[in-house]
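Visitor: Take a look at this one; I'll ask things after.
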Amino acid sequence: VGAAAANAQHLRERFVQRLLALQPRSVLDVGCGAGAVLGLCRAAGVPALGIEADPAVLRAPRAAGLRVVQARAQALPCADRAFDWVVLRHVAHHLRDVGEALEEAARVCARGLLLAEPWYDETIPSQELAARADRWAKAQDRRHGRVHDENLGPRELLALLPAAWRERAEVERYVCLRAQSWQEFRAENADLFEGLAEDDEALAQARALEADCRGRGMTVNGTVIVTVWRP
Ligand SMILES: C[S@@+](CC[C@H](N)C(=O)[O-])C[C@H]1O[C@@H](n2cnc3c(N)ncnc32)[C@H](O)[C@@H]1O
């Protein structure tokens, strides 16, 4: 397992630890992806349903017997307050209209929202470089027509919720300084490097990132977790 994959698993487990500490009676995981959070909820005996927009992504959690529904975060097929806790983990920066998705999540939760976004501690040189590499990858993704924006910070997420909700929030940040090699970054983003012409500005930017990586080293992403209790 590479550093990035090990880190992704570690951060997901931290997130689920936070979720389980809230003693949820039920969970709605919006943008559930491959269903890792749903699997950890099931292992803990917590009923959980996943919502995912991409039908291809839904195949794996379905095959694993997890409860998942194809729908959009902006139009949840759920009654008001139908789930104890509603979570959006590393989803907000994939959404064009995050505000609508948070409004929906707030409507559907009975006790609160657990939100997480990738995060870098940019006061640390290896993290500042990782944040720059992340921005580079996202810019290439957007050139391919995908929605992949800057990670949202707690302040930006909370600003999208009504004031009374903002007053009941708690923020936790995790960073774990595992080294990430340029080779691994390149392998993970192989599709973004493919077909870049020699004179493409993006290739020059990537070479500058690679040189910085050799000089100061790069580390994997952290996460920021925001717990918001329903007022
Ligand atoms: C980076 S993945 C995160 C997956 C999972 N939450 C996790 O933490 O591992 C983002 C997921 O959000 C899904 N997604 C993107 N836009 C969505 C939308 N409008 N409604 C529901 N899911 C969406 C993507 O298909 C993808 O599976």
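The values are calculated or read from the model by the stated rules, or taken from the named source; none is laboratory data. In this text, all values refer to a predicted model and were calculated from it rather than measured experimentally. Positions of Cβ are generated from backbone atoms using ideal geometry, with glycine treated the same way; all protein chains shown enter the neighbour counts. Heads up: the accessible areas ignore ligands, DNA and RNA and are worked out on the full protein's heavy atoms, side chains in. Shrake-Rupley method; radii C 1.70, N 1.55, O 1.52, S 1.80 Å.
Visitor: Only one residue in Glu184, Glu117 is out of contact with any strand residue (DSSP E or B) (no Cβ under 7 Å at 6 or more places or on another chain) and surrounded by 13 or more Cβ atoms within 10 Å (Cβ to Cβ), so which one is that? Outline the logic, then answer.
Guide: Details: Glu117 fails: out of contact with any strand residue (DSSP E or B) (no Cβ under 7 Å at 6 or more places or on another chain).
Testing whether each residue is out of contact with any strand residue (DSSP E or B) (no Cβ under 7 Å at 6 or more places or on another chain) and surrounded by 13 or more Cβ atoms within 10 Å (Cβ to Cβ) leaves just Glu184.
Visitor: Can we say Ser126 is in contact with a helix residue (DSSP H, G or I) (Cβ under 7 Å, 6 or more places away or on another chain), surrounded by 14 or more Cβ atoms within 10 Å (Cβ to Cβ) and within 22 Å of Ala206 (Cβ to Cβ)? If you could, list the steps in order and put the result at the bottom.
Guide: On the way: in contact with a helix residue (DSSP H, G or I) (Cβ under 7 Å, 6 or more places away or on another chain): yes; surrounded by 14 or more Cβ atoms within 10 Å (Cβ to Cβ): yes; within 22 Å of Ala206 (Cβ to Cβ): yes.
When the stated conditions are applied, Ser126 passes them.
Visitor: Let me ask something additional. How many of the residues in the stretch 70-86 are aliphatic (A, V, I, L, M), within 12 Å of the ligand (Cβ to nearest atom) and out of contact with any Cys (no Cβ under 9 Å at 6 or more places or on another chain)?
Guide: 3
Visitor: Are there any pairs, at least 6 apart or on different chains, whose C-beta atoms fall under 9 Å, with the first in the stretch 70-88 and at positive phi and open to solvent by 60 Å² or more (accessible area, probe 1.4 Å) and the second more than 7 Å from the ligand (Cβ to nearest atom) and part of a strand (DSSP E or B), and if so, which?
Guide: Sorted first by the residue in the stretch 70-88, then by its partner, the pairs are Arg81/Cys109; Arg81/Ala110; Arg81/Arg111.
Visitor: Which members of the stretch 200-231 meet the condition of being under 18 Å from His144 (Cα atoms) and of a type outside the set (A, V, I, L, M, F, W, C)?
Guide: Residues of the stretch 200-231 under 18 Å from His144 (Cα atoms): 200-203, 205-206.
Selection gives Asp200, Glu201, Gln205.
Visitor: Somewhere in the stretch 6-22, is a residue on the phi > 0 side of the Ramachandran plot and open to solvent by 50 Å² or more (accessible area, probe 1.4 Å)? Step through it out loud before you land on a result.
Guide: Step one: filter the stretch 6-22 for residues on the phi > 0 side of the Ramachandran plot, giving none.
There is no residue in the stretch 6-22 that is on the phi > 0 side of the Ramachandran plot and open to solvent by 50 Å² or more (accessible area, probe 1.4 Å).
Visitor: Among the helices (runs of 4 or more DSSP H) confined wholly to the stretch 136-223, which include 2 or more residues that are over 22 Å from the mean Cα position of the chain (by Cα) and touching a residue at least 40 places away in the same chain (Cβ under 8 Å)?
Guide: Values: elements: 154-159, 163-166, 182-188, 190-193, 201-216.
Passing ranges, in order: 201-216.
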